[in-house]
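Okay, structure first, notes after.
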Amino acid sequence: MIKQFTLCLLLGASSALSYAQTITLTSPSGDIHIEVKNQDKLTYRVLMKDKLIIMSSPMGFKFQNEPDMGSDLQLVNQKEAEFNETWTPVIRSKHEKVKDHYKSLQLSFIERSELRRKINIELRAYDDGVAFRYQLFPEARIGNRNITKELTGFSFSGDPKGWVADYKKYSSPQEEQFLPKLLSSIDPLTKAGLPFLVEVDKTHYAAITEAKIDNYPGFYIGMDRQGVTNKVNLVTKLSPLPFELEDGIKARFSDNLYTPWRVIMLGKTPGSLIESEIIQNLNDPCVLKDVSWIKPGMSAWDHWWSGEVKQDMPTIKQYIDLASAQGWPYMIVDWQWYGAFNKTEADITKAAPQLDMPELLNYAKQKNVRLWLWIYSSDVNRKNNFKEAFALYEKWGVAGIKIDFMDRDDQEMVNWYKKIIEEAAAHHLLVDFHGAYKPDGIIRTYPNMITREGVMGEEWSKFSTKLLPEHNVTLPFTRMLAGQMDYTPGGFLNITKAQFKEGSLPTKVMNTRCAELSKFVIYESPLTVNCEHPDNILNQPGADFLKVVPTVWDDIHVLSGYPGEHIALVKRTGNDYFIGAMTNSLPRVLKIKLNFLPKGVYELTSWTDAKDAGTNPTILVKNKQIVNSRGSVTIKMAGSGGYVAQIKLVTKNAR
């Protein structure tokens with residue numbers, strides 16, 4: 001439902017040079033405000049009630065062979081509206097139904113200068129954040145206009161703390177730790193990844209990210225150390241086009257161009273941001289007419305994580321057997337299944353000589369498992385190989401494709417992603433991008449884009465000491481705010497931090513078994529890929545939980561948590577509730593009220609760290625108890641530990 005109103009402009013003093021105009025948009029609840037000020041330069045600021053979150057910050061652009069744009073502007077049109085609807089996602093990442101309620105404001109500006117260039121700005125105010133985007137237009141000269149810099153800034157008062165993932169360069173798989181730092185300590189060369197969480201104070205949190213990236217580069221956070229010292233000025237750094245320098249061309253356009261939404265998620269606690277659906281709400285509704293073939297679920301993965309690559313028939317069948325035994329619908333056949341990769345002779349339509357693809361596909365089908373196929377991005381792109389290959393995979397009955405090693409988010413790569421997603425959908429293929437940039441909510445529009453990497457995940461345990469418990473309990477408050485992340489959890493060779501040795505095989509994980517189980521509840525990924533070897537899962541403690549935990553959810557509520565310290569949340573699928581909790585390197589005790597349960601009698605089955613899990617992390621205790629909404633559970637976690645529980649309804653409406 002859309003309501004439209006007349007907008008009031010607060011007109012300040014005018015002169016021959018400028019007109020001061022302040023335009024305010026307020027969220028439906030009245031608690032969140034975004035103000036745009038058009039004076040000598042275009043700026044904006046953001047408030048939660050009376051608390052200033054984003055101070056006056058610049059807007060606009062720099063172009064190649066054009067003057068900067070963002071000053072000396074005349075407001076020529078404005079329109080405010082309110083939108084309120086509830087929509088049903090194809091893939092239920094967080095909610096069965098999503099409420100999309102916001103107020104919007106569309107502003108049209110034209111320069112007063114001789115060029116008379118036009119720029120539109122669209123703003124939205126939600127009860128859990130604000131967003132805005134620009135619209136740019138062709139000008140008199142026929143051909144491309146070239147953006148060299150987006151001037152959007154994010155200024156914070158004082159020196160708050162932020163969680164910084166410095167990717168150091170624009171070409172990367174976006175896999176790094178999000179480390180807490182005072183914003184003033186950010187180096188001007190930093191290229192901080194999104195989402196960028198800021199603790200304005202202990203009751204106000206903001207996360208900067210973007211939504212609906214289309215025909216435009218991804219952006220990073222940088223630092224501007226020039227000028228005033230009573231605030232910190234964060235700046236937008238766009239990913240340059242290939243072969244362009246840092247100050248070179250970031251985007252070319254010759255037709256009307258919408259930028260992605262610049263999103264500022266807002267909450268009183270960091271956990272409240274996890275529950276937000278603002279990213280998907282800023283994307284278009286699903287464009288696929290038939291979505292019946294899109295099925296989320298758990299997947300087995302091949303042998304690389306456990307040790308060396310083994311692409312042979314017995315090994316692949318062993319992982320298919322694992323998926324079948326656990327009731328998982330998928331198994332991923334990973335790199336080297338088609339032999340040489342990232343080479344001109346690579347052929348993504350033919351299996352390597354030692355593999356009989358028809359036999360594997362038939363074997364998987366008999367086991368009620370469908371296969372995914374890994375492909376190197378260059379082999380996909382070369383000669384448009386994907387067109388023939390995707391049609392063939394559909395004939396084979398392949399469920400999806402895992403495409404790897406793009407490691408870019410410039411304008412060309414963003415457009416390539418969309419081309420691949422659309423072609424995959426045309427052949428009923430799900431997509432999992434690795435070596436990928438962060439998600440932007442496109443899963444709403446193309447739900448076959450079911451998950452992606454762009455996260456320092458479990459594979460880092462194979463070759464690094466960086467995958468610390470502190471990192472694992474930071475991810476939900478940072479990277480996961482953008483959406484799905486293919487962390488590939490499931491390592492069951494659990495050891496202590498002191499026992500961990502970099503590069504030792506088979507791969508081991510420095511957290512408890514219960515912490516590993518909790519990742520399947522806490523981390524968002526409708527396709528959840530289990531990394532572990534079959535021998536280390538089957539009939540092992542916790543394997544039974546992996547048979548029952550869903551990968552999609554009807555509701556979510558964060559119970560408590562803080563980045564780098566701990567997280568506890570509850571998710572619901574149907575009538576079943578799942579609690580997941582995880583702590584950092586320190587032991588922790590949490591008391592969780594069960595008042596999220598409707599009236600009734602429930603059976604709670606828990607998997608808990610054993611008393612000696614701090615020294616023997618594979619040991620857990622499974623327990624069952626009867627509970628109701630008036631009760632509570634006490635969770636005791638070892639250092640680097642965790643907890644999971646499944647709560648099933650026994651009797652409705654009983655007190």
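We did not get these values from a lab; they are worked out from the coordinates using the rules stated. Just so it is clear, the structure is predicted and the values come from calculations on it, not from any experiment. Please note: Cβ atoms are built from the backbone with ideal geometry, for glycine as well, and neighbour counts cover all protein chains shown.
What is the chain's relative contact order, in percent, from Cα pairs under 8 angstrom and six or more apart in sequence? Relative contact order of the chain: 11 percent. Site pair Asp247 and Ser272 shows an inter-label distance of 4.3 nm when each label is modelled 7 Å from Cα along Cα→Cβ. Counting only alpha carbon atoms, the long axis of helix 513-522 and the longest principal axis of the chain meet at about 40°. Placing unit charges on the Cβ atoms only, positive for Lys and Arg and negative for Asp and Glu, gives the chain a dipole magnitude near 1520 debye about its Cα centre. Entry note, the range 377-480: relative contact order of 22 percent, from Cα contacts under 8 Å with a spacing of 6+ residues. Sorted fewest first by neighbouring Cβ atoms within 10 angstrom, Ile401, Ile421 come out as Ile421, Ile401. Amide H to amide H distances under 5 Å link Asn146 with Gln64, where only residues 5 or more positions off or on other chains count and H is placed in the peptide plane. Computed from label points 7 Å out along Cα-Cβ, the spacing between Leu649 and Phe500 is 4.1 nm. Beyond 19 Å, the tail of the calculated P(r) for the range 579-632 holds 38 percent of the Cα pairs.
For the range 379-396, putting each phi into the Karplus relation 6.51 cos²θ - 1.76 cosθ + 1.60 with θ = phi - 60° gives couplings of 6, 5, 7, 4, 6, 6, 4, 4, 5, 5, 5, 5, 5, 5, 4, 4, 5, 5 Hz, in residue order, rounded to whole numbers and with x for Gly and Pro. The mean of 1/r over all distinct Cα pairs in the range 497-655, once inverted, gives the Kirkwood hydrodynamic radius of 16.2 Å.
Distance from the Cα centroid of the range 196-236 to that of the range 461-506 is 26 Å (rounded to whole angstrom). Distances between placed amide hydrogens fall under 5 Å for Leu238 paired with Glu150, Tyr220, all partners being 5 or more residues away or on another chain.
Label-to-label distance, Lys419 versus Val548, with points set 7 angstrom from Cα along the beta-carbon direction: 4.8 nm. Taking the fewest neighbouring Cβ atoms within 10 Å as the starting point, the ordered list for Thr203, Thr22, Thr209 is Thr203, Thr22, Thr209.
Along the axis of the charge dipole computed for the range 2-281 (Cβ charges of +1 for Lys and Arg, -1 for Asp and Glu, origin at the Cα centre), the listed residues Phe109, Val90, Tyr126 are led at the positive end by Phe109.
Dividing the alpha-carbon radius of gyration of the range 183-260 by the rule-of-thumb value 2.2 N^0.38 Å gives 1.28.
With the convex hull constructed from alpha-carbon coordinates only, the range 8-152 shows a mean projected area of 11.1 nm² over all directions.
For Val291 and Tyr562, calculate 0.36 nm times their separation in residues minus their Cα-Cα distance, and state this gained length in nm to one decimal. Gain on extension, Val291 to Tyr562, equals 93.9 nm. Label zone (Gln366, point 7 Å along Cα-to-C-beta; backbone nitrogen cut-off 19 Å) within the range 289-303: none.
The Asp555 and Ala325 beta-carbon pair, evaluated with R₀ = 30 Å, returns a calculated FRET efficiency of approximately 0.50. The share of alpha-carbon pairs in the range 297-552 lying farther apart than 24 Å comes to 45%. If you take the Cα centroid of the range 540-565 and the Cα centroid of the range 246-264, the two points sit 38 Å apart. Over the range 496-583, the pair-distance histogram of Cα-Cα distances with 10 Å bins from zero comes to 14, 44, 33, 9, 0 percent, rounded to whole numbers.
Using the empirical formula 2.2 N^0.38 Å as the baseline, the Cα radius of gyration of the range 339-386 reaches a ratio of 1.31. Counting beta carbons within 10 Å around each of Asp535, Asp302 and listing the fewest first gives the order Asp535, Asp302. Radius of gyration (Cα atoms) of the chain, expressed as a multiple of 2.2 N^0.38 Å: 0.98.
Full extension of the chain segment joining Lys593 with Glu412 gains 60.2 nm, where the gain is 0.36 nm per residue of separation less the Cα-Cα distance. Evaluated on the range 281-391, the Kirkwood hydrodynamic radius is 15.5 Å, with distances taken between all distinct Cα atoms. In the chain, the longest principal axis of the Cα atoms and the axis of helix 411-426 are about 50 degrees apart. Taking the longest Cα principal axis of the chain as reference, the axis of helix 357-366 is set at about 80 degrees. If every alpha-carbon in the range 2-281 counts as one equal scatterer, what log10 I(q)/I(0) does Debye give at q = 0.17 1/Å? Evaluating at q = 0.17 Å⁻¹ gives log10 I(q)/I(0) of -1.60.
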